[in-house]
Structure formats: C-alpha cells, structure tokens
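Peer 1: Dropping the structure in here first, questions after.
The values are calculated or read from the model by the stated rules, or taken from the named source; none is laboratory data. Computed from a prediction, not measured in an experiment: that's the story for all the values here. Here the Cβ positions follow ideal geometry from the backbone for every residue, glycine too, while neighbour counts run over all protein chains shown. Side chains are part of the model used for accessible areas, which takes the heavy atoms of the whole protein and leaves out ligands, DNA and RNA. Shrake-Rupley method; radii C 1.70, N 1.55, O 1.52, S 1.80 Å.
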Amino acid sequence: MQKLILLFGIILVMSVSCQNNQKASESNNNLLELAQNRRSIRSYTDEPLSRETIDSILTIAILAPSSYGQNPVEFVVVEGKDMLRKLADCKAIGAPSVRNATAAVVVMADTTKGELWVENTSVAAAYLLLAAEQYGVGACWNEIHLRNGQRKSASREICELLGIPPKYEVECMVSLGYPAETKEPRSAEQMKKGRIHYFSDK
C-alpha cells in the first residue's frame, strides 16, 4: 500500500512538473510574443533612430534564408525628410507611412542571382518587421513590386532616385520610427481559427 501511495505521489509530481514546464515554455516563447505584438505602425514620433538600432534590425534581416543560398537580397536605408518624401512619391498611390517615417528600408534583390527574388525579399522583409518589434521600433510594409510609379514602375523610379543599377528590383519599402500610435496585440488563437489544416497518410 505504501509503495502504491509513493508511486501515485511520484506520478502526481511529474504531472504537475510537466504542466508547469509547458506553461513556462509558452510564457518564454519570445517569437510568439513578438508576432502577436507586431502591428503595422504608420504614425511615428520625432525621436530619431540611431544607426546602431537600425543596424541591429538589419543584422537580423540579413540572416533570412534565401533560395539555394544565393543571397540576392540587399537593403538601402533612406533617411532625411526630403528624401523620404521623394521616396514615398515614387509610388503612384503614395506611401504615407514612408513620408511620416524616421527612416525607410528599401528591400531589393539582385535579379541576376536567381529567379526567386520575390520570395527571398519577402522572407527578408518579414524578418525585418519582427526585428523592428524586438527593438521597440514601429514598422510598416509598403508593397512596391508590380505597383505603378508616377511615370514608370514604382521599382524603377525608386532605383533611379537612389542610383541603384538596373539589375535590381524592389520588393517593398519598410518604414521605421518610434510609434506614435498604439495597437492591441493580436490573439494567435483567434487568428488561426479555420486557417491551419493537417493532412497525414499515417
């Protein structure tokens, strides 16, 4: 009987320990927290971003995977209100968050390094957005690929404005700045309802 009670006690302790470990694991899931907290921020304060902060964000973005390890993605950091205004105007419908930003990152690719540049730049931009959240910086994706500019494609106009060679194409611009607006985090449980599917032939 004593052995049975001891065994039951051990099982109970192990069960509680497993539950606590699971809760601890969930509460320490920094990537989940970043993803839930990250929202598109389009309004920024006048507080400047240090080069060190921008470099820290891009150090994470540059580690994004690329097809066949070709690493075609490159970034151009644009600062200065006048240049940001010109950059925003390269998109026919405008890019208000870029106009309002402290800085903007042009996410582009050397198209001679493979045909999957759209996918590669998209992954890198996603890393950039999460990295910005990590450093408390507001960010917003501004689509450029296949968008019209004032005279040509938005990508071509951006490249001409910044002196970027013709072999490059721009996927997007990510505006950056310290948030002047607050948005509630998204619930992962709510977001995934009906959108995750499993198939197995086991």
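Peer 1: Determine the dipole magnitude for the chain: charges of +1 sit on the beta-carbon of Lys and Arg, -1 on that of Asp and Glu, nothing else is charged, the reference point is the Cα centre, and the result goes in debye to the nearest 20.
Peer 2: In debye, rounded to 20, the chain gives about 560.
Peer 1: By Kyte-Doolittle mean hydropathy of at least 0.0 and Cα axial length of at least 18 Å, which whole DSSP H helices of the chain are selected?
Peer 2: For the chain, where a helix must reach 18 Å along its axis and average at least 0.0, the hits are 2-27, 117-134.
Peer 1: Using a 1.4 Å probe, how large is the accessible area of TYR178, given in Å² and rounded to the nearest 10?
Peer 2: My reading of the accessible area for TYR178 is about 50 Å².
Peer 1: Any chance you could run the full-extension gain for GLU160 through GLU181? It's 0.36 nm times the residue separation minus the Cα-Cα distance, nm to one decimal.
Peer 2: 4.3 nm is the gain from fully extending GLU160 to GLU181.
Peer 1: Give me the one-decimal nm value for the distance between modelled label points at LYS193 and LEU146, 7 Å along each residue's Cα-to-Cβ direction.
Peer 2: Roughly 3.0 nm, to one decimal.
Peer 1: How much area per residue is accessible in the chain when the probe is 1.4 Å and only protein heavy atoms are counted (Å²)?
Peer 2: It amounts to 62 Å² per residue over the chain.
Peer 1: For the stretch 103-195, with only Lys/Arg (+1) and Asp/Glu (-1) charged at the beta-carbon, what is the dipole magnitude about the Cα centre, in debye rounded to 20?
Peer 2: For this selection, approximately 200 debye.
Peer 1: Which order do you get for LEU176, LEU34 if you rank them by accessible area with a 1.4 Å probe, largest at the top?
Peer 2: Ranked list, largest accessible area first: LEU34, LEU176.
Peer 1: Next question. Rounded to the nearest 500, what is the 222 nm mean residue ellipticity of the chain from helices alone, with -39500 (n - 2.57) per DSSP H run of 4+ residues and division by all residues?
Peer 2: Using -39500 (n - 2.57) per qualifying helix, the result is -13500 deg cm²/dmol.
Peer 1: Tally up the carbon and sulfur contribution to the accessible surface of the stretch 40-87 as a whole percent, 1.4 Å probe, everything protein left in place.
Peer 2: 51
Peer 1: Out of PHE199, ASN28, PRO96, whose Cα points farthest toward the positive end of the dipole of the chain (charges: +1 Lys, Arg; -1 Asp, Glu; placed on Cβ)?
Peer 2: Checking the options against the dipole of the chain, the answer is PHE199.
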